[in-house]
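Please read the structure below before turning to the comments.
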């Protein structure tokens, strides 16, 4: 509970901040406030549409956040932007698609699971696709680290960065060979009906949106528990801060780095399958665009910071969906990257500051 | 002289046989023979640049010796990576404090316990009762260790602790891995006389209460002379003298090495 005196002094501090701020930041604040007011007007004019759009944004943001976590985890521990991560996400969606089709390498394991299948079979299929994609992507990520990044651990960082870009192309082309160049439809397993039907008809929230949240939430909670609470999580934070000191604590640094890549891959696999089921389609170069958004989200939130990656993902998702609705789809990319640039100009280390969460959970 | 001592103390916990380290053209450590008896406090002294820290880094495994070999508990550990040595029971602190800055003091100590906790990756994800009980016990033991080194603030981030507390926390963290041999790299550097006295006392207690052998690099001669069982002197990478503190103190070669440095540098 803030007393009036505290409030007053806070107000005074705010006034001082405004006085000392540059004219650029004043303009940025004015623009931001203007946009928020415009949004508020829209929200009052048609609340149903506004909240539907907000929920869509959160759903999109959740998918981006899961990929962004992979970037940020790896950056936090070895300070590498793993450009192959977005393409690993694409592989995840392909693996999910393959599992749902029931056929692999010409061998048919079970009948394809399609929109006509029974509810139990659908649920089973989705869970199976998610689990297999998570495992495969996790292992791919670990493999990439072993083969491509580990031998270069003591090389200049540029060498590893170029290698990461190379791995990205390799995965992309593997995807191209595997499923071809055209857009591939995903079976429409999850209903487009409104979850809120019967409660309200003004806000439209599809089962698909709910599905994404239902998969994302446990993954986020699990990841946060793993990093904050468990022995391996502590080892990860220790390695992120000081590899030699960590080794002197008996922590196997190489194994800890592998586990980090495994976690990132698992999240990428899950979000790949979710993306396919949510958007109904996937394509071999999907990882480029989504990866770029996710990377943007990670930087926006503060790269290396887990909470930041989730926040960045949600911010990008919501800005994207609001923009789709009120400004126009073709402006979305421009607006998102403009926001990124503005954030980086005024907060160069991202919204929440870099690296703090992998290393120990924010400021104190 | 050193042969005679070997016969007196049959229990050798750590031994270095003609260790040499060459960086490019510079011989940092030259054919040093060295051993630490079980439960002993051995100090390594010498002027700046004598190769003490290089030797230390080789003992803990961060550097590989160019030639020679190390034996720990009768086993050849020369080619063992640092975390395996830590698992065997070699713990260390660093000259320039290297705590995990944005973790709490308690978490730093818990990280030190890493090797002694069994909880595997699956168990930690599922949070099985065994793992939970172990975590709880670990927390209690970490709190005890903090008490042992005299640290009261548990939840403060390591980087926000006062300097002396950081040094003590580093020792607590190293103790958490239950070392049989503890390497202390200038533990009293930058401390005031009172803090130094308290820490000296603490090092003595390590030996008495935990039976830990200690290898100490130290510049503060009062500390070295008061707690060491044995002192080895390095200069320009060579062992120039060793013996009981009183002997080393009057060794003309040692005096020359220190005064020589003082005059030129």
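What is the antiparallel percent of DSSP beta bridges lying wholly in the protein assembly as shown, to the nearest 5?
60 percent
Report the gain in length on full extension from residue A:224 to residue A:37: 0.36 nm times residue separation, minus Cα-Cα distance, nm rounded to one decimal.
Gain on extension, residue A:224 to residue A:37, equals 63.9 nm.
Just the C-alpha atoms of segment A:59-284: what Rg/Rh do they give, with Rh taken as the Kirkwood radius?
We get a ratio of 1.02 for segment A:59-284.
Determine, for each peptide in B:201-208, A:126-133, the mean count of other beta carbons within 10 angstrom over its residues, then list the peptides with the highest first.
Result, highest mean first: A:126-133, B:201-208.
Take residue A:281, project a point 7 Å from its Cα along the Cβ direction, then tell me which residues of segment A:163-207 have their backbone nitrogen under 11 Å from it.
Residues A:182-186 fall inside that zone.
Would you kindly give the portion of the calculated P(r) for chain B that falls above 30 Å, as a percent of all Cα pairs?
Taking all Cα-Cα pairs of chain B, the fraction more than 30 Å apart is 30 percent.
Could you work out, residue by residue across A:225-234, how many beta carbons of other chains sit within 10 Å of that residue's beta carbon, and then give the average as an integer?
Taking the mean over all residues of the peptide, I get 6.
Highest first, please rank the peptides A:144-152, B:162-170, A:196-204 by the mean number of other Cβ atoms sitting within 10 Å of their residues.
Result, highest mean Cβ count within 10 Å first: B:162-170, A:144-152, A:196-204.
For segment B:72-198, what is the convex hull volume of its Cα atoms per residue in Å³?
Here the figure is 125 Å³ per residue.
GNM, chain A, Cα, under 10 Å: largest mean-square fluctuation among A:178, A:23, A:207?
Checking each option, the largest mean-square fluctuation is seen for A:23.
Averaged over its residues, how many other protein chain Cβ atoms are within 10 Å of peptide B:128-136's Cβ atoms?
Partner Cβ neighbours, averaged per residue: 1.
Which residues does a label at residue A:213 reach in segment A:289-314, if reach means a backbone N under 15 Å from a point 7 Å past the Cα toward the Cβ?
A:314
Distances longer than 35 Å among the Cα atoms of the protein assembly as shown: what percent of all pairs is that?
52 percent
Would you mind giving the mean number of other chain beta-carbons within 10 Å of the Cβ of each residue in B:74-83, as a whole number?
Going residue by residue through B:74-83 and averaging, the value is 3.
Above 20 Å lies some portion of the pair distances; for segment B:133-265, what is it as a whole percent of all C-alpha pairs?
53 percent
Report, for chain B, the % of DSSP beta bridges that are antiparallel, rounded to 5.
55 percent
Could you rank the peptides B:86-95, A:62-71, A:30-39 by their average count of other C-beta atoms within 10 Å per residue, with the highest value first?
Those peptides, ordered most packed to least, come out A:62-71, B:86-95, A:30-39.
All of the numbers you see were taken from the coordinates with simple rules; none came from a lab. Please read all numbers here as calculations on a predicted model, not as lab measurements. Don't worry about glycine lacking a Cβ; one is built from the backbone with ideal geometry, like all the others, and counts go over all protein chains shown.
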